[in-house]
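Structure first, then comments.
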Amino acid sequence: MKMIFRYMGKYIKPIMFGMFLKLCATVAELMIPYVLEYLIDEIVPLEDVAQIILWGGIMIFVAFLCWQFNKNANHCAVKNAHNVSYDARKDLFDKTMHLSGAQFDAFGLPSLTSRMTSDSYNVQSFTQSFQTLCVRAPIMLVGGIIVTMTMDPVLSGILCVMLPLLAVVVVTVSRRGIPLYHKVQERLDDVVRIMRENITGIRVVKALCRMDYESDRFHQYNDKMTAADVKASTVMAIPGPFMQICLNTGLSLVVYVGALRVNSGVMKPGVILAFLTYFNLILQSVMSINRIFMMISRASASANRIDLVLQSEVDQKVLPVEETDAPEAHDAYIVFKHVNFKYPHNMLSVEGKRKEDAATADVQEDDGFLGGEQGQCLYDIDFRLKKGESLGIIGPTGCGKTTIVNLLMRFYDVEDGGVYIDGRDVRTYQIDELRSKFGVVFQNDQIFQDTLRNNISFGRDVNDEQIHAATVDAMAAEFIDSLEDGLDHMADIKGANLSGGQKQRVLISRSLAANPDILILDDSSSALDYKTDAALRKAIFENHSNSTTIMVAQRVSSIMNMTHIMVIDEGHYIGYGTHEELLKTCPVYKEIYNVQMGAIAG
């Protein structure tokens, strides 16, 4: 809850103003039964019509004030709650953008999604209710007791006997609610994951006629979430019936005792009528307090989940240059110096405990930050590239090719050894300074729902001339020029209205547009035909010769003209050299070459 109050602190003045309005509305509401009692017991017996009309008008005026105060207080509460949730959601998004690869994997994409959606909504709902119910209910409770005590202490004693019983039940149940609602949010993470998988992979699901299978799988996770939600809601609903019993019992006792006191002449009839109204208001305020505790339980669980991300410490700190050893080869631009690395396997979550079921473990495997090679390792990777040279990396799926890219861009940090760019350990660069050197196309890279122009420029200081040159080099200009609106053509989410080859050419255009110092193409031409692929590589080598290029590929033809070629297998590099050298010294490379080039020739 500290997280919520931390964000509310920014809007303390408007929140206090809204709560003051709610206080005024509650006081006005408390006055109405009191005025009614005075009207019945003191004014009506006088049979003075003018006085009756006057005090009736006073009741109407007080009711009008109550309505006005409530309307404005609720408006303030809604506005303030939206401001608080907006700030929390913004900070959560910004923090997510700066999580390291390991932190992102630990939280998981579905969990981060639900924290930014349902969890932030729970925070917003609580913030709004805090400014209304949390003012009205306690004041109505305390104020009602005080007023009833002044009217008739005996009847008020009936109420005072019941309140401690209600308080014990509410507090006891609420203490169980927070962990239960935390479990609900964890189950929701699983539901979000299944929904995301099926929505993004709907074509595969339909193509293989697995709609019923995926529906059953979704229902399993949905049933688990529903069961957890039902359990939490059932526990938190326990005080409700108990309060109703207390309310009805108390009202019955008030009527019975009040009737006896009226008959004995100790109390006037108006008092019992006002007391019944106050008793109802007080018991309703107690039920509202129960609702507050329910919202606190849910909001506390959600706030803790959000704050866990917000308070996560930066695990990739920038090191002073003097604390790192520079590579021996000073003329090398990129250096991997005896690098060892292993992704966390069966990763412990950031909450400090293992995920409780296989479903959540799947989240971490399916939602890896980049490359999906969780558990794969790199062993003693050692190579050097000069400025303007190129490196092709080839090997079987999951052997660690993408991991080299991840380490170079510092999405993860090495365990042993070092990665250097321009004579400096990558850990000595500010993150923005480091990554501004790169133009990159990842596996399964992202086309955003925006124009092709904005997808290529991507908010960088890139002019139309650079964009056009990049599309020409990426072999994308031809199909873009054929579109009626050209670069202003709107791409659908994930580029659904573009072919695979068109998407890859747009992505390559994005990587080339800023003329990067280092160009990384991670299996970025797999959807291109051999002729287009060859023309693309020729344009890159001719027009971007100053860029140091690293290309991860499955095709020998894509990398055979690179300055250096590295063959990776199970985290080890088993061959390094030029195309001609590897044909002589690396049997695995020669086999790949013979199979692929023979197939092409055939």
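The values are calculated or read from the model by the stated rules, or taken from the named source; none is laboratory data. Predicted, not measured: the structure shown is a model, and the values here were computed from it. Because the Cβ atoms are built from the backbone with ideal geometry, glycine has one as well, and the counts that use them run over all protein chains shown. Calculation scope for accessible area: heavy atoms of the full protein, side chains included, ligands and nucleic acids excluded. Shrake-Rupley method; radii C 1.70, N 1.55, O 1.52, S 1.80 Å.
Of Y573, T148, G395, whose Cα points farthest to the positive end of the dipole of the chain (charges on the beta-carbon: +1 Lys, Arg; -1 Asp, Glu; origin at the Cα centre)? Checked the options; the winner is T148. Nearest 0.05, what FRET efficiency do F448 and D94 give at R0 = 25 Å with Cβ-Cβ as r? About 0.85, to the nearest 0.05. Given +1 at the Cβ of Lys and Arg, -1 at the Cβ of Asp and Glu and no other charges, the dipole of the chain around its Cα centre is 1940 debye to the nearest 20. Subtracting the Cα-Cα distance of H82 and R196 from 0.36 nm times their residue separation leaves 38.4 nm of extension gain. C66 contributes an accessible area of around 20 Å² to the protein surface, as traced by a 1.4 Å probe with all chains present. Fully extending the segment from D569 to D492, taken as 0.36 nm per residue of separation minus the present Cα-Cα distance, adds 24.0 nm. Ordering H544, H338 by accessible surface, largest first, gives H338, H544; the 1.4 Å probe counts only protein heavy atoms, with every chain in place. Applying a threshold of 24 Å to the alpha-carbon distances of K494/K538; K206/K494; K437/K584; K183/K494; K387/K503 flags K494/K538; K437/K584; K183/K494; K387/K503 as lying beyond it.
Which of the helices in the chain meet the span-like rule: DSSP H, Cα axial reach of 15 Å or more, Kyte-Doolittle mean at least -0.5? Flagged H segments are 12-38, 49-97, 120-151, 153-200, 239-263, 269-310, 500-513, 587-601.
For the pair T150 and M1, label points projected 7 Å from Cα toward Cβ lie 3.0 nm apart. Here the simple spin-label model places points 7 Å from the Cα toward Cβ, and for K531 and R210 these points are separated by 3.6 nm. Ligands, DNA and RNA aside, E322 has an accessible area near 150 Å² when probed at 1.4 Å. Here K2 is the anchor, and the lysines within straight C-alpha reach of less than 19 Å, apart from those fewer than 8 places off in the same chain, are K10, K13, K90, K95. Computed over protein heavy atoms with a 1.4 Å probe, the carbon and sulfur contribution to the accessible area of the range 276-321 reaches 59%. Suppose R0 equals 22 Å; then what is the FRET efficiency for L54 and F20 from their Cβ-Cβ distance, rounded to the nearest 0.05? That pair, L54 with F20, gives E of 0.15.
In terms of packing, defined here as the mean over residues of other Cβ atoms within 10 angstrom, the peptides 219-231, 296-308 line up highest first as 296-308, 219-231.
Fully extending the segment from Q554 to E581, taken as 0.36 nm per residue of separation minus the present Cα-Cα distance, adds 7.8 nm.
For the chain, the solvent-accessible area of protein heavy atoms averages 48 Å² per residue (probe radius 1.4 Å; ligands and nucleic acids excluded). Of the residues I431, S499, A476, the one whose Cα sits farthest toward the positive end of the charge dipole of the range 428-513, with +1 on the Cβ of Lys and Arg and -1 on the Cβ of Asp and Glu, is I431. Rounded to 0.05, the FRET efficiency of the K317 and I245 pair, given R0 = 41 Å and the Cβ-Cβ distance, is 0.10.
Residue order by solvent-accessible surface for E542, E29 is E542, E29, largest first, with ligands and nucleic acids left out and a 1.4 Å probe. The distance linking the range 187-256 with the range 120-135 is 22 Å (Cα centroid to Cα centroid, whole angstrom). Counting only residues at least eight positions apart within a chain, or on another chain, the aspartates and glutamates with an alpha carbon under 16 Å from that of K231 are E186, D223. Based on C-alpha pairs under 8 angstrom that are at least 6 apart in sequence, the chain has a relative contact order of 14 percent. Label-to-label distance, F541 versus R175, with points set 7 angstrom from Cα along the beta-carbon direction: 7.4 nm.
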